[in-house]
Amino acid sequence: MVMNAIRVIGDPVLRIKATEITEITENLDLLTKEMLATMYSAPGIGLAAPQIGIQKRLFVYDWGTGPGVLINPEIKESDGEWVFEEGCLSIPGLSWELVRPKQIYIVGIDLDGNEVSIEADELEARLFQHEMDHLDGVLLVDHLDADQRREANKTLMGIGDDTGSPLPIVGENLGFTKSE
Ligand code: ZN
């Protein structure tokens, strides 16, 4: 099975809104298998297509109940609040406590082209919300509050590239959308 390199923060592909999938093809089946293999080996519980550089609205997941895929997913309803320490395979080694809706109702399409709807709670709901963000070019860091953002900038600035110099990505490519 082909493993795909997971794109990390600073890669512009993570900031592009992915496009709808208009046709369920065999290629999509293969892509899903590759994404699951990449996710399991990371290891992670979710992986969205943009994280391997593919601008399509699809993500795979397995939060402990077996592998799943959602194509062209849409969150229809959300409710409540839930705090969870959230990480991202595209922001390796870092995680932040975030509040997001506790429950969601999400719809999408499976690999047979059938409509799927899931009422998700807590971890499953969090996972889906996180992966949905990736399809819209949104990253975990966009949800941080001012204090968390300051810490994140410090930490990300301290991560050197192969040459040992700081990554030239802090600021613009972190893409913080909220003003302080
Ligand atoms: Zn992520």
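The values are calculated or read from the model by the stated rules, or taken from the named source; none is laboratory data. Quantities reported herein were computed from a predicted structural model and do not represent experimental measurements. Cβ placement follows ideal geometry from the backbone for every residue including glycine, while neighbour counts extend to all protein chains displayed. Protein only, heavy atoms only, side chains kept; ligands, DNA and RNA dropped before computing areas. Shrake-Rupley method; radii C 1.70, N 1.55, O 1.52, S 1.80 Å.
Scanning region 14-29 for residues that are more than 10 Å from ALA49 (Cα to Cα) and open to solvent by less than 90 Å² (accessible area, probe 1.4 Å) yields a count of 8.
Looking at region 59-78 only, could you name the residues that are over 13 Å from ASP110 (Cα atoms), open to solvent by less than 60 Å² (accessible area, probe 1.4 Å) and under 14 Å from the mean Cα position of the chain (by Cα)? Hit for region 59-78 is ASP62, nothing else.
State yes or no: is GLY108 within 17 Å of GLY46 (Cα to Cα) and within 15 Å of the ligand (Cβ to nearest atom)? No: the conditions fail for GLY108. Filtering region 85-104 to residues that are touching a strand residue (DSSP E or B) at 6+ places or on another chain (Cβ under 9 Å) and open to solvent by 70 Å² or more (accessible area, probe 1.4 Å) leaves GLU85, GLY93, GLU97, VAL99, GLN103. Before we move on, is LEU123 open to solvent by less than 20 Å² (accessible area, probe 1.4 Å) and on the phi < 0 side of the Ramachandran plot? Answer is no for this residue.
Does ILE54 count as touching a residue at least 60 places away in the same chain (Cβ under 8 Å) and either in a strand (DSSP E or B) or surrounded by fewer than 19 Cβ atoms within 10 Å (Cβ to Cβ) (or both)? Outline the logic, then answer.
Details: touching a residue at least 60 places away in the same chain (Cβ under 8 Å): no; either in a strand (DSSP E or B) or surrounded by fewer than 19 Cβ atoms within 10 Å (Cβ to Cβ) (or both): yes.
No, not satisfied.
Taking the numbered list (1) within 16 Å of LEU47 (Cα to Cα); (2) within 14 Å of the ligand (Cβ to nearest atom); (3) surrounded by 16 or more Cβ atoms within 10 Å (Cβ to Cβ) in turn, ASP136 passes all entries but (3).
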